[in-house]
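The values are calculated or read from the model by the stated rules, or taken from the named source; none is laboratory data. Since we're looking at a predicted model, the values are computed, not measured. Methodologically, a virtual Cβ is constructed for each residue, glycine included, from the backbone with ideal geometry; neighbour enumeration extends over all protein chains shown. Calculation scope for accessible area: heavy atoms of the full protein, side chains included, ligands and nucleic acids excluded. Shrake-Rupley method; radii C 1.70, N 1.55, O 1.52, S 1.80 Å.
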Amino acid sequence: MTIPINYDKYKVLSKEQIDFFLENGFVKIPGGMKTEWADKWTSDVFIRLGYDPNDKATWAANEKVNMPFHRRESAAEIAPKAWEAICELLGGEEKISPTCKQWSDSIIANFGSEYWATHDIAPKELDNWHVDGDFFRHFLDSPEQALLVIPLFADILPRGGGTYIAPDGIPKVAKYLLDHPEGTYPQSYEDGFPFKSLIPSCENFVEVTGKKGDVFLLHPLMLHSASKNHLRIPRFITNPPVSILKPFNFNRENPDDFSLVEVKTLRALGVDKLDFKPTRPYERVTPRRLLVQNKMLDLELERLKKYHEQTGTPIESLHLLGQITRADMVPKAIPGIDSQLAKPVPVA
């Protein structure tokens, strides 16, 4: 038996997009984000990093850079089409936590390297495979990362550093979490299950490519990895998390009440209903990336301040304007979810 889908209640996602998501665990929303926001939020990337856009020799040795944020705006304003699709995948905007209704310019840049400009690598051999969510203990019903979102802030061509995803890994991740109701920390911690160990048994790999403004919406259990930017055309994306106010419920009486994300999880497990209950409390984790981003922020603020002094251009950084503090960089607890702050031991 298959959970029936009432296509008529969806006003943004087409039947074809819904079916594709339920089969593959992701959907592309062309033009999901306004391109003017992509231009605005990438206009100072090279200033923030201290790179010369016309001189690759100035681009640091790190191929990929996860930048701290300086600006925030309503996701519904920046990406109305994508936001409406997000709401439909999760069962309505009222299900989404107010903590994640803004997107930021925390750009993830991939500049590539001289080596990878002339060398190839198979997707299965990439070393960055993971499940998103470095800020909580993972359970099958975790509300903290209800979708993985990839907005494209620049055109991404094949071999241009687009994220690789493994759609056939979703059932494997779901099965692990079903069999381990105690959950797991992110794989960067000693008690974290290395989800990347599931990749050798995966065979379906998709490279995320598209036009500036396209937005990819992925099931939260999608294994994915940064790739090599062989073209060395700067690739800019972000990964704004989407949290829901209550954990996923796989045991609803009325099948029409399941969200499309819940339906995909149930299909991945081969069941129409599931009474899942975690055996440990929900836990929050302070992401290790914040240590790096705080150091980066110091340098970025110096460069931005100097740039604005030299050019007389208006300051837009919320940090420089004194409107936010570093505490605002820490992921917020979901209202109504009883979660404690944990301090797992990082992998050396």
Selection status of Glu88, touching a residue at least 60 places away in the same chain (Cβ under 8 Å) and open to solvent by 40 Å² or more (accessible area, probe 1.4 Å): no
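Do you know which residues across the stretch 155-170 are over 16 Å from the mean Cα position of the chain (by Cα), under 17 Å from Val27 (Cα atoms) and touching a residue at least 40 places away in the same chain (Cβ under 8 Å)?
Of the stretch 155-170, the ones over 16 Å from the mean Cα position of the chain (by Cα) are 155-160, 168-169.
From what's left, under 17 Å from Val27 (Cα atoms): 156, 168-169.
Answer for the stretch 155-170, where residues must be over 16 Å from the mean Cα position of the chain (by Cα), under 17 Å from Val27 (Cα atoms) and touching a residue at least 40 places away in the same chain (Cβ under 8 Å): Ile156, Gly169.
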Residues of the stretch 3-30 classified as open to solvent by 40 Å² or more (accessible area, probe 1.4 Å) and assigned to a loop (DSSP other than H, G, I, E, B), total: 6
Residue in the stretch 138-192 that is surrounded by the most Cβ atoms within 10 Å (Cβ to Cβ), counting only those that are under 15 Å from Arg280 (Cβ atoms), charged (D, E, K, R) and at pLDDT 95 or above: Glu144
Odd one out for Ala333, checked against (1) at pLDDT 95 or above; (2) over 29 Å from Lys9 (Cα atoms); (3) among the hydrophobic types (A, V, I, L, M, F, W, C): (1)
Count of the stretch 41-62 residues which are open to solvent by less than 40 Å² (accessible area, probe 1.4 Å) and at pLDDT below 95: 1
Residue within the stretch 176-195 that is over 28 Å from Val345 (Cα atoms), touching a residue at least 24 places away in the same chain (Cβ under 8 Å) and part of a helix (DSSP H, G or I) present: no
Residue within the stretch 46-59 that is out of contact with any Leu (no Cβ under 9 Å at 6 or more places or on another chain) and closer than 28 Å to Thr325 by Cα present: yes
Residue match in the stretch 297-311 (condition: open to solvent by less than 80 Å² (accessible area, probe 1.4 Å), assigned to a loop (DSSP other than H, G, I, E, B) and under 30 Å from Arg137 (Cβ atoms)): no
Failed condition for Asn128, given (1) touching a strand residue (DSSP E or B) at 6+ places or on another chain (Cβ under 9 Å); (2) free of Cβ contacts under 8 Å to residues at least 12 places away in the same chain: (2)
Residue satisfying all of: in the stretch 217-271; more than 17 Å from Phe195 (Cβ to Cβ) and in a strand (DSSP E or B); farthest from the chain's Cα centre (by Cα) among these: Asn229
Selection count where residues are surrounded by fewer than 16 Cβ atoms within 10 Å (Cβ to Cβ) and in contact with a helix residue (DSSP H, G or I) (Cβ under 9 Å, 6 or more places away or on another chain), scope the stretch 250-273: 5
Single unsatisfied condition, Asn128 versus (1) in contact with a Ser or Thr (Cβ under 6 Å, 6 or more places away or on another chain); (2) open to solvent by less than 10 Å² (accessible area, probe 1.4 Å): (2)
